[in-house]
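The values are calculated or read from the model by the stated rules, or taken from the named source; none is laboratory data. On a predicted model such as this, the values are computed, not experimentally measured, just so you know. A quick note on method: Cβ atoms are made from the backbone with ideal geometry, for glycine too, and the neighbour counts reach across all protein chains shown.
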């Protein structure tokens, strides 16, 4: 097992337009890039940390901008523990800041292999 693993995740979210009657709402597309480092503390425990950069295009209503392009930067931190050969528990935290709001997320996962 490698003690340090570098991980890069990139995603692109395409949001189509929504038409109701004579009005069209276009929600901006989103690009997200997340580099992370995973560190094996021992054969059962690993820690991870990284950053997330997200860019969202402006939203439009009938071709008029109702929001601006937005950039967000956040950090991630987590830990995983292998309970036994079939069970793993993970806890992750993320903090994301934008120009208009701040968001914090905590996730707890339990994974069981059949």
In segment 69-78, anything surrounded by fewer than 16 Cβ atoms within 10 Å (Cβ to Cβ) and either more than 17 Å from the chain's Cα centre (by Cα) or at pLDDT 95 or above (or both) is listed as 69, 75, 77
Find the strands (runs of 3 or more DSSP E) located wholly in segment 4-102 whose residues include 1 or more that are without any contact (Cβ under 8 Å) to a residue 24 or more places away in the chain, and list them.
4-13, 17-20, 30-40, 45-56, 70-84, 87-97
I'd like the full set of residues that are surrounded by 11 or more Cβ atoms within 10 Å (Cβ to Cβ), farther than 15 Å from residue 52 by Cβ and under 18 Å from the mean Cα position of the chain (by Cα), limited to segment 99-114.
109
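Residue 60 - would you say it is surrounded by fewer than 16 Cβ atoms within 10 Å (Cβ to Cβ) and farther than 17 Å from residue 8 by Cβ? Even if it seems obvious, please write down each step before you answer.
Working: surrounded by fewer than 16 Cβ atoms within 10 Å (Cβ to Cβ): no; farther than 17 Å from residue 8 by Cβ: yes.
Judged against the criteria, residue 60 is not a match.
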Sole exception among (1) modelled with pLDDT of 95 or more; (2) closer than 30 Å to residue 25 by Cβ; (3) surrounded by 16 or more Cβ atoms within 10 Å (Cβ to Cβ) for residue 96, by number:
(1)
Take the conditions at pLDDT 95 or above and either within 14 Å of the chain's Cα centre (by Cα) or within 23 Å of residue 8 (Cα to Cα) (or both) and apply them to residue 45. Does it pass?
yes
